[in-house]
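These notes concern the structure reproduced below.
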Amino acid sequence: MPHKHAIALLILTVVAVTAGIIAGWYWGPAMESVAWLGALFLNALKMLIVPLILAAVISGIAALGDVRRLGRVGGATLAYYLCTTAIAVFIGLVMVNLIRPGDGLQIGGATVPEKILEKQDTGVSDILLSLISPNLIASAAEMQLLPLIVFGILFSAALTTLGARGARVIEFFDGVNEALMKLVTWLMYFAPLGIFGLIAARLGSAGGGDAVANEIAAVGWHVVTVLSGLAIHFAVLLAILFFVAGRGWGYLVNMLRALMTAFGTASSSATLPLTMECARENGVDERSVRFVLPLGSTVNMDGTALYEAAAVMFIAQAYGVDLGFGAQVVVFVTATLAAIGAAGIPEAGLVTMVIVLNAVGLPLEGIGLLLTVDWFLDRFRTSINVWGDAVGAAVIDRLLRRGSAAAGVD
Ligand code: ASP
């Protein structure tokens with residue numbers, strides 16, 4: 001995309017987010033009338049995700065070349081995901097211990113929401129089981145992306161062993177990927193309107209500014225804990241971007257449209273097409289764009305991890321349960337796993353929080369305390385999830401370039 005267009009779109013998107021907040025805040029429920037704009041945008045993004053993920057992963061893995069390289073890049077990617085997720089959980093735990101938002105909170109007759117009740121037996125083994133699907137079509141229909149990615153990786157690895165015939169198939173998926181990315185660049189022109197619709201309508205359906213402010217104020221310290229934790233993690237990722245990936249502020253500026261889309265959609269999966277496009281505009285190596293970002297959008301969720309740890313500790317404090325060091329280590333480990341297991345869809349983190357609550361023996365009703373503000377915090381944590389993926393793509397990009405330089409190939 002020409003540079004001027006990208007800048008114009010960025011400005012339009014900033015205007016859209018601001019206008020969406022102002023309109024939803026002041027006109028409240030009346031703004032539900034623009035919900036269709038948001039739905040149109042979201043549907044278009046979702047339409048692209050399944051074919052894009054498959055084509056991107058298959059062509060991206062194949063472009064890595066031999067299997068040893070896949071091992072090295074894959075290992076580095078997973079190490080990055082795990083380290084940054086662990087840092088996020090740690091920050092969440094530190095903030096919640098410092099601020100202690102749940103102390104002295106009055107717990108009303110909270111109830112467990114239906115979607116949580118259905119998942120109350122979720123355990124760590126479910127995360128492993130979710131890697132492989134017995135029915136890829138059903139997974140695609142339900143937007144369960146992780147099994148599609150696993151299939152894509154295996155399929156592509158197999159293709160690379162087939163010589164010329166495999167190369168033809170890879171070329172096909174390369175073309176599919178290019179065509180889909182072209183659609184993404186077209187969709188970008190509609191993004192500002194879509195984001196405006198999503199934000200204005202969501203604030204509107206929550207009852208407008210005053211109602212939202214009251215909801216936030218009721219668990220104000222919890223909101224402060226999560227938002228300040230996310231802000232710190234944002235800065236940590238920025239430092240990684242500067243010092244590990246060797247990038248500058250321009251990278252962040254180019255990523256802003258993706259981050260604002262994440263804020264608007266509350267879904268890192270739905271944002272993926274834009275994240276990939278922005279990373280491309282940042283000159284990130286295609287192999288990193290096609291592999292690190294799709295995988296990251298479903299398994300690397302720093303914001304969610306931080307949120308889950310902080311929220312569970314908040315619930316413990318509200319119930320007057322003192323979780324000592326040992327229990328907090330359990331929270332640390334399970335929150336990391338729960339974030340990996342969370343899908344990149346709105347409020348998925350709330351559902352996998354069951355794993356963490358069960359692990360430390362807290363009542364599921366505690367989730368009821370968080371419900372009113374979850375949609376709000378979800379948007380911030382989703383933006384951090386996407387930011388974590390974007391920085392990861394830059395880190396792996398550098399690694400790939402170094403590898404290419406060392407091997408004397410481009
Ligand atoms: N909405 C988040 C995402 O899509 C997941 C969550 O924390 O609920 O990344």
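Please treat every number below as a calculation from the coordinates, not as lab data. What you see is a predicted model; the values in this text were computed from it and never measured. FYI the Cβ positions are ideal-geometry reconstructions off the backbone, even for glycines, and counts take in every protein chain you see.
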For this session: Starting from the alpha-carbon convex hull of segment 113-266, give the projected area averaged over all orientations, in nm².
Result: 14.5
For this session: Starting from the Kirkwood radius over alpha-carbon pairs of segment 240-325, derive D by Stokes-Einstein at 37 °C in a medium of 0.692 mPa s and give it in µm² s⁻¹.
Result: 220
Seminar exercise, completed: Note on segment 175-302: contact order normalised by length, alpha-carbon pairs under 8 Å, 6 or more apart, percent, works out to 26
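Taking only C-alpha pairs under 8 Å that are 6+ residues apart, what is the relative contact order of segment 236-322 in percent?
20
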Seminar exercise, completed: With -39,500 (n - 2.57) per DSSP H segment of 4 or more residues and division by the full residue count of the chain, the 222 nm estimate, nearest 500 deg cm²/dmol, is -26500 deg cm²/dmol
Problem set entry | Listed residues GLY341, GLY104, GLY166, most fluctuating in the chain (Gaussian network, C-alpha, under 10 Å) | GLY104
Exercise. Once Rh is set to the Kirkwood radius over Cα pairs, what Stokes-Einstein translational diffusion coefficient, in µm²/s, holds for segment 16-58 at a temperature of 10 °C and a viscosity of 1.306 mPa s?
Worked result: 129
Problem set entry | Centroid-to-centroid separation of segment 1-57 and segment 162-215 [C-alpha atoms, Å] | 8
Exercise. Which value results when the Cα radius of gyration for segment 289-334 is divided by 2.2 N^0.38 Å?
Worked result: 1.53
Problem set entry | Cβ-derived FRET efficiency at R0 22 Å, PHE243 paired with LEU78, nearest 0.05 | 0.60
Exercise. Convex hull over the Cα atoms of segment 198-349, averaged projected area in nm²?
Worked result: 10.4
Seminar exercise, completed: Hull surface over four for the Cα convex hull of segment 302-410, reported in nm², is 8.3
Seminar exercise, completed: GNM of the chain, Cα pairs under 10 angstrom: of GLY65, GLY368, GLY204, the biggest fluctuation goes to GLY65
Problem set entry | At q = 0.07, 0.11 Å⁻¹, base-10 log of I(q)/I(0) for the chain (Debye sum, equal scatterers on each alpha carbon) | -0.32, -0.80
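State, as an integer percentage, the relative contact order of segment 304-410 based on alpha-carbon contacts under 8 Å between residues 6 or more apart.
Answer for segment 304-410 is 26 percent.
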Problem set entry | Charge dipole (debye, nearest 20) of the chain; +1 at Cβ of Lys and Arg, -1 at Cβ of Asp and Glu | 1200
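Mean 1/r over all different Cα pairs, inverted: what Kirkwood radius does segment 13-110 give, in Å? Walk me through the numbers before you get to the answer.
Values: mean 1/r = 0.0522 Å⁻¹.
Computed over Cα pairs of segment 13-110, the Kirkwood hydrodynamic radius comes out at 19.2 Å.
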Exercise. Once segment 308-368 is represented by equal point scatterers at the alpha-carbon sites, with solvent omitted, what log10 I(q)/I(0) does the Debye formula produce at q = 0.25, 0.27 Å⁻¹?
Worked result: -1.01, -1.15
Exercise. So what are the ³J(HN,Hα) numbers for segment 160-167, from phi and the Karplus equation (6.51, -1.76, 1.60; θ = phi - 60°), rounded to whole Hz, Gly and Pro as x?
Worked result: 5, 8, 9, x, 4, 5, x, 4
For this session: Provide MET47, MET181 in ascending order of the number of other Cβ atoms located within 10 Å of each residue's Cβ, fewest first.
Result: MET47, MET181
Exercise. Just for the Cα atoms in segment 160-248, what are the lengths along the principal axes, largest first, rounded to whole Å?
Worked result: 63, 35, 25
